[in-house]
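The structure appears right after this line, and notes come after that.
Computed from the coordinates by the stated procedures, all read-outs in this text should not be read as laboratory data. This structure is a prediction, so every number in the text was calculated from the model and none was measured. Note that each Cβ is placed from the backbone with ideal geometry, even for glycine, and that neighbours are counted across all protein chains shown.
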Amino acid sequence: MKIYEKVYEYYINQIRNGGLEIGQKMPSIRECEKSLDVSKTSVETAYQQLAADGYIYSVEKVGFFVSEMAKRNHLEDKAATNSKISEDRIIKYDFATIGEDKLVSCLDLWRRYMKSALRQEDRLLSYADNQGEEDLREEIVKYVRRTRNIICTKEDVVIGAGFQNLLQILIALVPGERTISFPTKDFIEGATTFKNAGFEVAYRNKESHVIYVAPSYMTKWGEVMTMKRRRELINHAIKNNHLIIEDDYQNDFVFSTKATPSLYALTGGENTAFLGSFSRVLLPSVRISYLILPKGVREKYQGIKPYYNQTASKAEQIALSQFLRDGHLRRHLKKIKRLYGEKRQRLQQCVEKKFGDNTEILFGDSGMEMGILIREPNVKERLEKSSVKVTILQKEKDDVLILLSCSKISEENIEKGIEELQKSISKE
């Protein structure tokens, strides 16, 4: 193992073991260099890899910080396995990690746009706009109108590094009862943010004053909220003056159904806030998210805007604005949707071939995930020793739900991986 890989693994373990928390600043490169007795180059390479894999993100002139994605991935793995996997286990096939396939990575192109942004000295010698760079907000307005049929203005868009920062701003704008409902307990970062602000957190409770939903990713295997359910939720929220927070997670990867209108588009922003992010569709290390404010709170936001500093890198905002303006994200999305669609279809074919007769297979409309329900004893123990990495949810005593993602595994390894999975499950 190379030195930078050891540094990489060291910090991965620190995050998993709770030594580094969400939002906590990483040691500087110089501090890491001294404490671990390694070269500066090794530390820089390790940090770049951690950022590329979404575990940390950079803030211009400040340093690196632990991302929300890092903790989310760790908590899902911990809840799924609830046990310590043997350290000598060799993973050959990874169906658990949600990430970007290197075949469609736009890192080289993004690097050129970042270099261009860093040459804009006049802009970089000033602080970022608290609301986000104006040219980026203008491009986001065009982007959501084209992709989600959302009509808004640049004054309605607020940019930040990750959802938690934007939720804190939204909390300051929410009147009425301090109660919120989330779909499941998997939304731990959002739930923690609201709980720390004094909200009473519930799950699947439509009587809560704030209702947080992810319509395009309702379950881990990608169920999409039906049009009927969207109408019911909107009518309920407007009738009771509740606020809907629409998390647009995974909407860009809906394969098996026609695009469904966003809640924000259906309401015109009435009693609805919209959250979007570019981390999933661009690069995990690009920590730029955006909030579209509910109708009627623009003036109130302007009153609190001076007290919430911008958290997203100004250089990255400039680069993203140009990236969007030149149409690269649209082309990039077409490319990855084509590849992921083919991989998802391949995964489905292999799973049905190996498991279709004896197991219940759960398919969703979005994402690259599906579930396999296995009703056999000791499956979990066998999978934890397997060379195939999957997400395992214990249902009943002898029932486990295996969740499979095809996003990061290469297409040529899907069939081999499913064959190895089937052997691991059926092994006596």
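Put in line by how crowded their Cβ is, counting other Cβ atoms within 10 Å and starting with the fewest, C106, C32 read C106, C32.
Site pair R375 and T153 shows an inter-label distance of 5.9 nm when each label is modelled 7 Å from Cα along Cα→Cβ. The order of D252, D399, going from fewest to most other C-beta atoms within 10 Å of their C-beta, is D399, D252. If R0 equals 25 Å, the separation of the Cβ atoms of E134 and V62 corresponds to a calculated FRET efficiency of about 0.65.
Quick one: net charge of K142's neighbours, Cβ under 14 Å, K/R +1, D/E -1? Taking every other residue near K142 into account, the sum is +1. With the Cα gyration tensor of the stretch 3-66 giving a ≥ b ≥ c as the square roots of its eigenvalues, does the rule (a/c under 1.5 for rounded; else a/b larger than b/c for prolate; else oblate) give rounded, prolate or oblate? Rounded shape, in that the Cα axes give a/c under 1.5. Based on DSSP H segments of at least four residues, each scored -39500 (n - 2.57), the chain has a per-residue ellipticity at 222 nm of -13500 deg cm²/dmol. Panel order for H332, H236, H242, by other beta carbons found within 10 Å of each beta carbon, from fewest to most: H236, H332, H242.
Projected onto its three principal axes, the C-alpha set of the chain covers 66, 58, 41 Å, listed from the longest axis down. Of G303, I15, M227, which is farthest along the charge dipole of the chain in the positive direction, counting Lys and Arg as +1 and Asp and Glu as -1 at C-beta? The one lying farthest along the dipole's positive direction is M227.
With +1 on each Lys and Arg Cβ and -1 on each Asp and Glu Cβ, how big is the dipole of the chain about its Cα centre, in debye rounded to the nearest 20?
Numbers: 68 positive and 61 negative charges, 131 e Å.
Once rounded to the nearest 20, the dipole reads 620 debye.
In percent, how large is the relative contact order of the chain, given Cα pairs closer than 8 Å and 6 or more residues apart? Spell out each step's value before the answer.
Numbers: 706 pairs, mean separation 91.2, N = 428.
This gives 21 percent for the chain.
Fully extending the segment from Q48 to R331 would add 99.4 nm, taking 0.36 nm per residue of separation and subtracting the current Cα-Cα distance.
Only the Cβ atoms of Lys and Arg (+1) and of Asp and Glu (-1) were treated as charged; on that basis the dipole of the stretch 287-418 about its Cα centre amounts to roughly 860 debye.
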